[in-house]
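Student: Here's a structure for you.
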Amino acid sequence: MGDSRLPWHTMVAMASGSRGANQYTPKVTAGAKAAAVPAGGLLGQIAPGHQTTWRCDEVWGGNCPLLIGPPDWSHPGHPRLAAKLVAASDPDCLPSVLERLGRDRDAKVRELTARNTNCPPRVLLKLSRDIVPLVRVNTAGNPRSGPGTLRRLAQDPQRGVRLALVENPSCTPEVLEICSLDHEPSVRCGVASHPACPPKVMELLSQDPELDVRRDVAGNPACPAPILETFSQAHDWNILCNLARNPSCPAGVLTQFARDTKYKRLTLRRYAAGNPSCPEPELQRMARSYDQMTRREVAGNPRCPPKQLERFVRDSDIRVAAVAANNPNCPVHIRAMYQLVHGTKPA
């Protein structure tokens with residue numbers, strides 16, 4: 001295998017033909033026959049009663065220097081560290097094992113532990129104080145993080161941590177209210193688009209000096225109707241587009257967009273035609289539009305009446321007919337009519 005006087009990591013580099021021992025990657029196998037390390041200790045807790053072994057690559061021929069070298073378990077190629085990384089990534093890992101991994105000295109192990117959705121809240125609370133920013137980022141984005149952990153991370157100096165926090169689906173309204181006063185516009189945008197954002201925070205962010213924040217408020221389905229009605233008078237095109245696509249948009253605003261005959265407002269009419277909250281009379285009126293994309297949006301709208309879907313199946317544009325046949329509320333006989341008229345089944 002080489003001169004035994006050489007350091008073990010040098011022997012690894014020489015045997016693998018690489019520049020360093022960091023190039024080595026162990027393999028995980030079940031029931032390996034050669035060069036096996038018994039699954040005891042930590043691995044035995046992960047899968048009790050399961051015969052699993054951790055084996056190095058076949059290039060070592062059963063004499064891997066990693067197994068006879070010094071007990072440096074933090075080495076990137078060591079089977080024991082690989083076992084920790086696999087355990088920390090396993091969503092079925094036992095909470096007691098994750099609690100031990102959360103105290104590991106290797107930062108990568110703690111990062112994967114903080115991301116694990118089976119990690120206990122008390123462990124995540126400790127990881128929220130970790131010195132490594134990525135550990136705190138994963139903790140902030142973990143749905144298992146408790147309210148106390150989230151409140152602590154809302155004051156984190158790293159912007160990435162606060163961004164992950166406002167994207168967490170388990171973020172509480174109290175924490176969102178704290179983050180709504182953040183000096184970073186990207187963090188306030190995350191608050192404005194969060195489904196759990198409270199109405200008073202929505203009202204505050206609807207007057208935010210940053211245009212992107214107001215755009216996200218206009219597109220949030222949780223935004224109250226009075227705020228959405230005020231956005232209908234906005235001059236920003238993206239705010240109007242987000243408003244027309246919002247399923248919580250008031251019927252009066254959608255009617256206003258649907259009846260706008262200006263050519264530059266054609267995109268708003270298309271968005272209103274595909275909005276599930278659009279009133280049925282406006283859908284029937286837009287179904288006769290000269291614009292094929294507007295008719296296509298009406299044909300795919302869940303509120304489109306069956307009689308109108310039957311007319312769409314015979315539309316001059318086959319794409320409109322195909323969208324109507326694929327409408328979730330389309331009756332079976334209308335789909336059969338599509339196959340009879342066009343000679344093929346709807347895609």
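The values are calculated or read from the model by the stated rules, or taken from the named source; none is laboratory data. It should be emphasised that the depicted structure is a prediction, and the values quoted were computed from it without experimental measurement. Because the Cβ atoms are built from the backbone with ideal geometry, glycine has one as well, and the counts that use them run over all protein chains shown.
Student: Tell me, which residue of the stretch 322-347 that is surrounded by 12 or more Cβ atoms within 10 Å (Cβ to Cβ) and free of Cβ contacts under 8 Å to residues at least 24 places away in the same chain is nearest to Met293 (Cα to Cα)?
Tutor: Checking each candidate, the answer is Ala325.
Student: Then there's this: Going through the stretch 126-174 one residue at a time, which ones are among the small types (Gly, Ala, Ser), farther than 17 Å from Pro185 by Cα and touching a residue at least 24 places away in the same chain (Cβ under 8 Å)? Walk me through it before giving the result.
Tutor: Going through the stretch 126-174, the residues among the small types (Gly, Ala, Ser) turn out to be 128, 140-141, 145-146, 148, 154, 160, 164, 170.
Retained after the next criterion (residues that are farther than 17 Å from Pro185 by Cα): 128, 140-141, 145-146, 148, 170.
Across the stretch 126-174, the qualifying residues are Ser128, Ala140, Gly141, Ser145, Gly146, Ser170.
Student: Related question: What residue, of Asp130, Asp104, Asp156, is over 20 Å from the mean Cα position of the chain (by Cα), farther than 29 Å from Leu181 by Cβ and not hydroxyl-bearing (Ser, Thr, Tyr)?
Tutor: Exactly one residue qualifies, and that residue is Asp104.
Student: OK, next. Quick one: which of Arg144, Arg152, Arg214, Arg136 is under 19 Å from Cys249 (Cα atoms) and modelled with pLDDT of 95 or more? I'd like the intermediate steps shown before the answer.
Tutor: Working: Arg144 fails: under 19 Å from Cys249 (Cα atoms); Arg152 fails: under 19 Å from Cys249 (Cα atoms); Arg136 fails: under 19 Å from Cys249 (Cα atoms).
The match here is Arg214.
Student: Still on this structure, I have one more. Out of all the residues in the stretch 187-222, which are of a type in the set (D, E, K, R), assigned to a helix (DSSP H, G or I) and over 20 Å from the mean Cα position of the chain (by Cα)?
Tutor: Lys200, Glu203, Asp212, Arg214, Arg215
Student: Can you work out which of the residues in the stretch 223-254 that are in a loop (DSSP other than H, G, I, E, B) and free of Cβ contacts under 8 Å to residues at least 24 places away in the same chain is surrounded by the fewest Cβ atoms within 10 Å (Cβ to Cβ)? Talk me through it step by step, then tell me what you get.
Tutor: Filtering the stretch 223-254 down to residues in a loop (DSSP other than H, G, I, E, B) leaves 223-224, 232-236, 246-250.
Checking the rest, the ones that are also free of Cβ contacts under 8 Å to residues at least 24 places away in the same chain come to 233-235.
Working: Gln233: 9, Ala234: 16, His235: 6.
Selected residue: His235.
Student: Filter the stretch 288-314 down to the residues that are surrounded by 23 or more Cβ atoms within 10 Å (Cβ to Cβ) and aliphatic (A, V, I, L, M), then identify the one that is farthest from Arg269 (Cα to Cα).
Tutor: Only one residue tops the list, namely Val313.
Student: Also, quick follow-up: With the stretch 95-181 as the region, which helices (runs of 4 or more DSSP H) entirely inside it contain at least 1 residues that are crowded, with 18+ Cβ neighbours inside 10 Å and of a type in the set (Gly, Ala, Ser)?
Tutor: Working: elements: 95-101, 107-115, 121-127, 133-141, 147-153, 159-166, 173-179.
Result: 107-115, 133-141, 159-166.
Student: How many residues, within the stretch 283-321, are of a type in the set (Ser, Thr, Tyr) and in contact (Cβ under 8 Å) with a residue 24 or more places away in the chain?
Tutor: 1
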